[in-house]
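My structure is below; once you've seen it, I'll send some questions.
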Amino acid sequence: MKGLKGSKLPVRRCAALLATGMALLGGSAHAGILDFYNDGKVLATPGVSMTDGAGGGGITPWAVITGYETRDGINADFHYTYVNLPNYSLNSLGAAVGFYDRVELSYAYDILPTGSTFNTIGLVSNAVGGLLSSPTLGPILSGLGLTTGNQLAGGVDPWNTTIKMHVVGAKVRLIGEAIYDSDNLIPQVSVGGFYKWNENKVLLETLQAAKSKDWEAYASITKIFFPVSTLLNVTARYTGANQTGLTGFGGPDGDHKKVRVEASLAYLLKKDTAIGVEFQQHGHNVDGRNVTLGGGLDLTSLVNNPLLGPTLKGLGVDSALVSTLTQKESNWYDAFVAFFPSKNLSITMAMAYLGQITFTPNQVGYYISLQTSF
Amino acid sequence: MKPISFKTLAVATALLCGAATGSVLAEDKVAERTEGKTPAYPGIPADSLEKFGGQAGVDVWVDDLFYYILADNRINQIFNTHGHVQRQMALNKELESMVLGGPGRYTGASMSAAHAELGITVTQFNAVVEDAYLACDAARTPYHVCNQLIAALAPFERAIVTK
């Protein structure tokens, strides 16, 4: 303690404090200060980490609380998930803490490189932007509300557009026992919520989403039917998200929050291996919608404009090209196998069937997720 | 499909919680019982005991279970301190057969009476569950058959775990 008192340098004082703290932690692992640590859940029973960061399946939050802690303590986990799709790749990094098998707090950072998906938007906005300096067509565009080139960027960084979203989540277990109460049908019930904020505000406006930040709430029920080695989870999520929020929330008519259904069905092959399928209902907030430039100017109206249309067509921007920018959202499905070699590691592999994402149909790819728990 | 409103979702969740709380408060007939097959959902299959190797298979499994329990430093002190390990094993052979629908009689006390003074935590209970799976592996009992016994024993958690 001499170091603490004697040192006038704040850094050195901090270091001394830190060292004392470490000594306390290290020296009393069996008596007091680390007693909250617990890894008493049975292998595989906490599930894995979903892409929003919560404990659950791959895409659906479950009523189980994340981590291996029982009601006697605290446990934490970290995950990295990679989904490879024809036109995208999703990276989800996250951390979560489970408190006393009752409360869960989570954070996830979802990074979605979009390859060349949005390059057509860049091409079109460049073509339209070029017309701004035209003495005849410039004023028409100004009249439509486009005045400067930077309004036309569309949030697109050619060849390198990456969507980034942060998700914080909390979940509380209300009632029921997913595992022990095999003699009744009362499931484990939890409620939770996410707050998601997407960094690509301009691109999301271009894609006609109403918001780039929004909250979601959900209720999940989970039950393991041990006589048939099967786990069932059903989740109802109140959300207005487009592609889980990666392409924003809501559409031109508002945020459109609705209750959407999700489900996971898993079969326990052995005590460290589960296989299963998942379903996630998605919304249709921007289905059939085109993209807008400069905060609300629809491309379809631009190419159909009798004065601008012919010139744009000459630049390669016609209704056929614009129609390739028609959005649609599909329900998500996946089929997975999850391995739990120890309580410190799980490896999940899946085929993901995500349908159409923005303009690109048939997004079928593989999913791999690593989760480590302490 | 008619969309479900947020209000409906909230009300449904509240009702479910209310129903569950009500049933938990009622007397625990399953966890306190000393006879009869466990009424699990879906039911324990009729051939479960047979798949376990009959009473002889259950006996081997219990021997294996106690081998792993006594080797498990997380929980062996409880069993050793409680004493009468041989008697505990004999009673377990009766109990496991009973919960799977076997014809024999269980002659021990109810689970809450037998564990009342021990202050068992759910963490310790789960340690026994892990040893139970190891015992199934040792006895070459298939995992899905093992889960039928797990299902048959799981409700006793409510009587055994007191802390």
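The values are calculated or read from the model by the stated rules, or taken from the named source; none is laboratory data. Note that the coordinates shown come from a computational prediction; the quantities given were computed from them, not determined experimentally. Note that we place each Cβ from the backbone using ideal geometry, even for glycine, and neighbour counts take in every protein chain shown. Ligands, DNA and RNA are excluded from the accessible area calculation, which covers all protein heavy atoms including side chains. Shrake-Rupley method; radii C 1.70, N 1.55, O 1.52, S 1.80 Å.
Sorting A:Leu204, A:Leu269 by accessible area (1.4 Å probe), largest first, what list results?
A:Leu269, A:Leu204
Tally Lys/Arg at +1 and Asp/Glu at -1 over every other residue whose Cβ is under 12 Å from the Cβ of A:Met351; what's the total?
For residues surrounding A:Met351, the net value is -2.
Could you tell me which of A:Gly143, A:Ile65, B:Phe52 has its Cα farthest along the dipole of the protein assembly as shown towards the positive end, charges placed at Cβ (Lys, Arg +1; Asp, Glu -1), taken about the Cα centre?
A:Gly143
Which FRET efficiency value, to the nearest 0.05, do you get for A:Phe339 and A:Tyr107 by plugging their Cβ-Cβ distance into 1/(1 + (r/R0)^6) with R0 = 25 Å?
FRET efficiency, A:Phe339 to A:Tyr107: 0.50.
What distance in nm separates the simple spin-label points at B:Glu27 and A:Phe36, each placed 7 Å from Cα in the Cβ direction?
Distance between the two pseudo-spin positions: 4.2 nm.
Could you compute how much accessible surface A:Tyr353 exposes when probed at 1.4 Å, giving the result in Å² to the nearest 10?
Answer for A:Tyr353: close to 100 Å² accessible.
Go through the range B:40-54 and flag every residue whose accessible area shrinks by 50 Å² or more with all protein chains in place compared to the isolated chain (probe 1.4 Å).
Output list: B:Tyr41, B:Pro42.
May I ask for the net charge around A:Ala96, where only other residues with Cβ less than 12 Å from the Cβ of A:Ala96 are counted and Lys, Arg are +1 while Asp, Glu are -1?
Local charge sum for A:Ala96: -3.
Which of the pairs B:Lys29/B:Lys51; A:Lys41/A:Lys164; A:Lys41/B:Lys7; A:Lys171/A:Lys257; A:Lys171/A:Lys328 have their Cα atoms more than 23 Å apart in this structure?
Table pairs above 23 Å Cα-Cα are B:Lys29/B:Lys51; A:Lys41/A:Lys164; A:Lys41/B:Lys7; A:Lys171/A:Lys328.
Relative to the first principal axis of the alpha-carbon coordinates of chain A, what is the inclination of helix A:10-27, with its axis defined by its Cα atoms, in degrees from 0 to 90 and to the nearest 10?
50 degrees
Excluding ligands and nucleic acids, what accessible area in Å² is computed for A:Leu137 using a 1.4 Å probe, to the nearest 10?
Accessible surface of A:Leu137 is approximately 20 Å².
If you average the sequence gap of Cα pairs under 8 Å that are 6 or more apart and divide by the length of chain A, what percent do you get for the contact order?
Computed value for chain A: 15 percent relative contact order.
Under the rule of -39500 (n - 2.57) per DSSP H run of 4 or more residues, summed and divided by the residues of the protein assembly as shown, what mean residue ellipticity at 222 nm is obtained, to the nearest 500 deg cm²/dmol?
That comes out to -9000 deg cm²/dmol.
Same structure, new question: Which residues belonging to the range B:138-155 lose at least 10 Å² of 1.4 Å-probe accessible area when the assembly is complete, relative to their chain isolated?
Buried by 10 Å² or more upon assembly, which counts only protein chains, are B:Tyr143, B:His144, B:Asn147, B:Gln148, B:Ile150, B:Ala151, B:Ala154, B:Pro155.
Sticking with this structure for a sec: Could you grab the relative contact order for the range B:31-160? Cα pairs under 8 Å, six or more apart, rounded to a whole percent.
43 percent
I've got another one for you. Please give the residues from the range A:218-253 for which the solvent-accessible area of heavy atoms, probe 1.4 Å, is smaller by at least 40 Å² with all protein chains in place than with the chain isolated.
Listed by number, the residues meeting the 40 Å² cut-off are A:Phe226, A:Pro227, A:Tyr238.
How high is the FRET efficiency between B:Ala138 and A:Ser116 when r is their beta carbon distance and R₀ equals 35 Å, given to the nearest 0.05?
Computed FRET efficiency for B:Ala138 and A:Ser116 comes out at 0.05.
Related question: Treating only the Cβ atoms of Lys and Arg (+1) and Asp and Glu (-1) as charged, compute the dipole magnitude of the protein assembly as shown about its Cα centre; round to the nearest 20 debye.
The calculation lands at about 1320 debye.
Let me ask something else. Using only protein heavy atoms and a 1.4 angstrom probe, determine the accessible area buried between A and B, summed over both sides, in Å² to the nearest 100.
Looking at A and B, the buried total is near 3300 Å².
When the accessible area of the protein assembly as shown is split by element with a 1.4 Å probe, what percent falls to carbon and sulfur?
In the protein assembly as shown, the share of accessible area belonging to carbon and sulfur is 63 percent.
Using a 1.4 angstrom probe on the protein heavy atoms only, could you order A:Lys223, A:Lys271 from most to least accessible area?
Putting A:Lys223, A:Lys271 in descending order of accessible area: A:Lys271, A:Lys223.
Using the heavy atoms of the protein chains alone and a 1.4 angstrom probe, what is the accessible area of chain A per residue in square angstrom?
Value for chain A: 40 Å² per residue.
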